[in-house]
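What follows is a short report on a single structure.
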Amino acid sequence: MNQRIDKYDYLIVRAGIIGMSITYKLRGKYPNATIAIIDKEEDVAIPAFWRENYHGISNFNLKEMIEILYYETKLFILNSFNFRDLAIEEIKNYDSSVFTKKAKDVVKNIEDNFKPMPAGIRAQLLNKQTNELVQDFMIEHDKNATHILNAVSPAFTCSFAFARYVVDKINKMEKNK
């Protein structure tokens, strides 16, 4: 019989590699605690309006903004991969009262002292032909460099297993020249 738990001791939001590590440590320290892990569906990108959009408008680039708005508008109108609903839901989360209410719905004894924190930005590749987000990493080579695109996290790209995989790809490419 599955037991439904409506309130949890801990809530991990937007899990990723760091959230999973925190969950692992919590589970070790508090084995009887209930832990909820909340993440978006498989599409975890949040729309941004220009690259390097970390600190307000300090790196504003009109050309990039126009290009990004073009594609985001296209995705919104076509509703590719349910982008419209995802965008509307994400915009609601910018209201701290909405986000706080969602957290209170699943966490025991939570207080109202949420403080805004800057969020990181992870680039998400968009296939311009299919209007879909690319769900896996890509490795591209040119004459002098190897580029890792769409990596899920810095921890992923610095893992030894991934480094071995990339080096093997580079060696195979060099042999085929």
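Points worth noting:
- Taking Cβ atoms as reference points and 14 Å as the exclusive limit, the residues near residue 78 contribute a net charge of 0, counting Lys and Arg as +1 and Asp and Glu as -1.
- In this structure the amide hydrogen of residue 37, modeled in the peptide plane, comes within under 5 Å of the amide hydrogens of 12, none closer than 5 places in sequence on its chain.
- Using θ = phi - 60° in the Karplus curve 6.51 cos²θ - 1.76 cosθ + 1.60, the 3J(HN,Hα) couplings for the stretch 27-36 round to 4, x, 7, 10, x, 9, 6, 9, 10, 9 Hz; x is entered for Gly and Pro.
- Amide H contacts for residue 8 (H built 1.01 Å from N in the peptide plane; partners 5 or more residues away or on another chain; cut-off under 5 Å): 107, 108.
- Using 0.36 nm per residue and subtracting the Cα-Cα separation, the extra length available between residue 60 and residue 164 on full extension is 33.7 nm.
- Unsatisfied cross-links (Cα-Cα over 28 Å) in the set 29/104; 25/102; 74/102: 74/102
Bear in mind that the values in this text are calculations on the coordinates, not laboratory data. Remember, it's a predicted structure, so these values are computed and weren't measured experimentally. Don't worry about glycine lacking a Cβ; one is built from the backbone with ideal geometry, like all the others, and counts go over all protein chains shown.
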